[in-house]
Amino acid sequence: MISPVASNLRQRASALQRRIGLADATDERVLRAALTLVEQAIAQPMLIGSKQAIFAEAQRFGLTIDHLDILDPIAHVQHEVFAQELYQQLQKKGITIEDARTLVTDPLYCSGMLLKHGVVSACVSGSLSTTANVVRAGLRTVGLQQGISVVSSQFLMIRESHLYAFADCAVVPQPTASQLADIAIASAQYYRKLSGNIPHVALLSFATRGSAEHVDVDKVREALAIVRQKEPLLHIDGELQFDAAFVPSIAERKAPDSSVAGQANVFVFPDLDAGNIAYKIAERWGGAEAIGPVIQGLAHPYLDLSRGCSVDDIVTTAAIGALMTV
């Protein structure tokens, strides 16, 4: 059973009918997810990879996929166009034209070029590919979002039918103050798109409003100043401990003048250790449902999956990709 929040994401995506590129298309889970996307009219999947290998995998598991859209990177009509374009983008990094021609036969790179050219609206991969390879392909093809300096991630955390965001829990180990600011901005942007709610962003720390002095606290304060300069209308505050950010009664004591404390729905952690540990405790011990990681900061929705993902995870992530285009 999927949660009401995940069901809502799928229903909202259904109204958009976006084409979603699925790059790890030789995975049984991806094939079943593609069939679900069609059967439930959530989105229009495009399987990206060797047709021979995809059909062989489908036959192996007794799946009928003749009606699905399949694109073979090697046989794609724009193969050389993509290769020349990728070469122009990467030649300063030592990539040759032959390297580029090889790269665009990789479903991760081909799907990124299809996304950049608008053939698909979002891409989903990672059930077979590592996060590092997914992020690298996304950076090399679609590039960074304007005004954002770093690729990061958020997990959508569902608790008692409420939707929260935890960031960054999967990508940036030790963000600088500037990177932390961009993580906060990107997290707020996508939380608004995915939830439909106004983001209230808490920059988390082990201190609340001057209760401790340390270089790590200084980084959070600097990040807050950067965000307020770049996005003055964003509801954001810090440094806040988690209890002050989340519990209204504690917020009244620790940060009574804060417009975010006690009502935060986007939680930005100071580093990857804190974020990754926190989301897993919330999920495994606290009983929250975690969806993600949702890759953010790229110019177009190029999304990653855990390699332990389920078919439902892939379907919901495809719906998230569709909603990120709004």
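Ranked by how many other Cβ atoms sit within 10 Å of their own Cβ, fewest first, the residues Cys123, Cys169 fall in the order Cys169, Cys123. In straight Cα distance, which aspartates and glutamates are under 17 Å from Lys51, not counting same-chain residues fewer than 8 positions off? Straight-line reach from Lys51, under 17 Å: Asp24, Asp27, Glu28, Asp66, Asp69, Asp72, Asp106. Using the Cβ of Ser121 as centre and a radius below 11 Å, the other residues enclosed give a net charge of +2, where K and R count +1 and D and E count -1. Treating each Cα of segment 1-155 as one equal point scatterer and applying the Debye formula with no solvent, the log10 of I(q)/I(0) at q = 0.11, 0.12, 0.13, 0.18 Å⁻¹ comes out as -0.46, -0.55, -0.64, -1.15.
In order along segment 170-187, the Karplus-derived 3J(HN,Hα) couplings, from 6.51 cos²θ - 1.76 cosθ + 1.60 at θ = phi - 60°, round to 9, 10, 9, x, 10, x, 6, 4, 5, 5, 4, 4, 5, 4, 5, 5, 4, 4 Hz, and Gly and Pro are given as x. Structural descriptor for the chain: relative contact order 24 percent, calculated from alpha carbon pairs under 8 angstrom and at least 6 residues apart. Here segment 146-294 is treated with +1 on each Lys and Arg Cβ and -1 on each Asp and Glu Cβ, and its dipole about the Cα centre works out to around 300 debye.
Dividing the helix sum by the residues of the chain, where each DSSP H run of 4 or more adds -39500 (n - 2.57), gives a mean residue ellipticity at 222 nm of -13500 deg cm²/dmol.
Think of each Lys and Arg Cβ as +1 and each Asp and Glu Cβ as -1; about the Cα centre, that makes the dipole of the chain roughly 400 debye. Legend: Rg and Dmax of the chain, from Cα coordinates, 20.4, 64 Å. Taking each residue as 0.36 nm, the span from Ser149 to Gln78 lengthens on full extension beyond its C-alpha to C-alpha distance by 22.6 nm. What the phi angles of segment 227-237 give under the Karplus curve with 6.51, -1.76 and 1.60, with θ = phi - 60°, is a coupling list of 4, 5, 6, 7, 9, x, 8, 6, 7, 8, 8 Hz, glycine and proline written as x. Comparing Asp304, Asp168, Asp216 in a Gaussian network model of the chain where C-alpha atoms under 10 Å apart are linked, the largest mean-square fluctuation is found at Asp216.
Sorting Tyr279, Tyr164 on the 10 Å Cβ count, fewest up front, what's the list? Mind dumping the intermediate values first?
Numbers: Tyr279 25, Tyr164 20.
The order, fewest Cβ neighbours first, is Tyr164, Tyr279.
Separation of segment 78-116 from segment 188-252 is 39 Å, based on Cα centroids. Straight-line reach from Lys219: taking Cα to Cα under 17 Å and skipping same-chain neighbours fewer than 8 places apart, the lysines in range are Lys230.
On a full-extension model of 0.36 nm per residue, what is the gain between Val326 and Ala56, subtracting their alpha-carbon distance, rounded to one decimal in nm?
On the way: separation 270, 0.36 × 270 = 97.20 nm, distance 3.57 nm.
The Val326-Ala56 span can extend by a further 93.6 nm.
A dipole drawn for the chain from +1 and -1 charges on Cβ atoms has a positive end, and of Phe206, Ser310, Val260 the residue lying farthest that way is Val260.
Taken together, the values in this text are just the output of simple stated rules run on the coordinates, not laboratory data. Every value quoted in this text rests on a predicted model; they were computed, and no experiment measured them. A quick note on method: Cβ atoms are made from the backbone with ideal geometry, for glycine too, and the neighbour counts reach across all protein chains shown.
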